[in-house]
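Report on the structure given below.
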Amino acid sequence: MPPDSPALLVEGLRKRYGDRDVVDGLGFRAGRGELTAVLGPNGAGKTTTIECCEGLRRPDGGHIEVLGLDRSRPEAAAELRHRVGVMLQEGGLPMSPRAGDVLAHVARLHDRPDAAGPLLERLGLGKVARTRVRHLSGGQRQRLALACAIVGEPELVFLDEPTAGLDPQARLAVWDLIRELRAAGTSMVLTTHLMTEAEDLADHVVVVDRGTVVAAGTPADLRGTAHVRITAPGGTDPRTLAADLDAALASHPGLVTTTQGGTVVVVAGPATTDENLDAAALAVVAGALARTGYHDAEVALTRPTLEDAFLALTGRALRVDAA
């Protein structure tokens, strides 16, 4: 694989179920040694997309390259089985064997028989190693599925909702393990409904809706700008406050005032993840308010989250379909 090629490349992907286009010309790339989070509401097409990339579904059109190999070529499938790990959200585990035997079997397939035991302990499964998979809790099955996906030290791992159903302690343990894998150079593609998970772990985020990509970038890119929200004192016209504040901030071109619903004036600052810069912008605005006589105005700093950006892109309406 050329050094500048991505771990995963999807171009013009299409998948149709009956008369419905579930994936409609979708495309994105996942960098090597990075974690790419694919986000989307229920029915957006993200699971179908990932299953096509994993080789579990056959697309109706488009092109997928996994680790530089054309996914549609039969000879690629055999090679990728040894280089790619897959964790499904549901299914994929045999129910009758004991948990430890399942992981030991997968480890032997990858010629890493000694890796199973330590990984079971690392994921808190050592005490249930002799428990049959059908008797594990949902969270324990999730961790076992993750262990099976990574025990072979794959170059690329697909993680579908890896922390769904986990308690906070188990979720943090999985996050730590994911960070270690990324630091070691493992490429990862993750789907999740937890915006905090994507915000904390992802190098790159792809937002999918109605079968296509609606936004992509780093979490900071998608979050956008911080805002200083000012509630005008009683009896003050917010438009007057905005005009006075604009004049006082003339020497700070990165700060722009607007009115927003009733008595609130919003001053948008440059996009930044640096809390010191955000605090400096807040101090500048507070000083300008004092100079213009608005000592009684209420001032607060608001930093948009990835969830704010996600809802702005996909809407707030409840989705009842699934794909």
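Side notes on the structure shown:
- Within segment 53-79, if we keep just the residues that are modelled with pLDDT of 95 or more and among the hydrophobic types (A, V, I, L, M, F, W, C), the residue that is farthest from Leu166 (Cα to Cα) turns out to be Leu69.
- Strands (runs of 3 or more DSSP E) wholly inside segment 169-255 that include at least 3 residues being touching a residue at least 12 places away in the same chain (Cβ under 8 Å) and closer than 27 Å to Ala280 by Cβ: 227-231
- Candidate set: segment 172-198, residues that are of a type outside the set (A, V, I, L, M, F, W, C) and surrounded by 19 or more Cβ atoms within 10 Å (Cβ to Cβ); chosen: the one nearest to Ile64 (Cα to Cα): Ser187
- Of the residues making up segment 292-310, those that are farther than 10 Å from Arg223 by Cα and either open to solvent by 40 Å² or more (accessible area, probe 1.4 Å) or of a type in the set (Phe, Trp, Tyr) (or both) are Thr292, Gly293, Tyr294, His295, Asp296, Glu298, Val299, Ala300, Leu301, Thr302.
- Residue within segment 138-152 that is within 21 Å of Arg112 (Cβ to Cβ), free of Cβ contacts under 8 Å to residues at least 12 places away in the same chain and open to solvent by 30 Å² or more (accessible area, probe 1.4 Å) present: no
- Meets criteria (at positive phi and touching a residue at least 24 places away in the same chain (Cβ under 8 Å)) for Leu88: no
- Picking from residues in segment 119-137 that are of a type outside the set (Val, Ile, Thr), over 18 Å from Val174 (Cβ atoms) and in a helix (DSSP H, G or I), the one that is most open to solvent (accessible area, probe 1.4 Å) is His135.
This table checks each residue for (1) open to solvent by 60 Å² or more (accessible area, probe 1.4 Å); (2) part of a helix (DSSP H, G or I); (3) of a type in the set (Asp, Glu).
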position: Thr48; (1), (2), (3): no, yes, no
position: Val86; (1), (2), (3): no, no, no
position: Gly92; (1), (2), (3): yes, no, no
position: Ala116; (1), (2), (3): no, yes, no
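- Residues of segment 230-242 satisfying the condition of being within 40 Å of the chain's Cα centre (by Cα) and open to solvent by 60 Å² or more (accessible area, probe 1.4 Å): Arg239
- Qualifying positions in segment 27-46 - within 14 Å of Phe158 (Cα to Cα), touching a residue at least 40 places away in the same chain (Cβ under 8 Å) and open to solvent by 30 Å² or more (accessible area, probe 1.4 Å): Arg32, Glu34
The values are calculated or read from the model by the stated rules, or taken from the named source; none is laboratory data. In this text the structure is predicted, and so the values were computed from the model without any measurement. Every residue, glycine as well, gets a Cβ built from its backbone with ideal geometry; the counts of neighbours run over all protein chains shown. Calculation scope for accessible area: heavy atoms of the full protein, side chains included, ligands and nucleic acids excluded. Shrake-Rupley method; radii C 1.70, N 1.55, O 1.52, S 1.80 Å.
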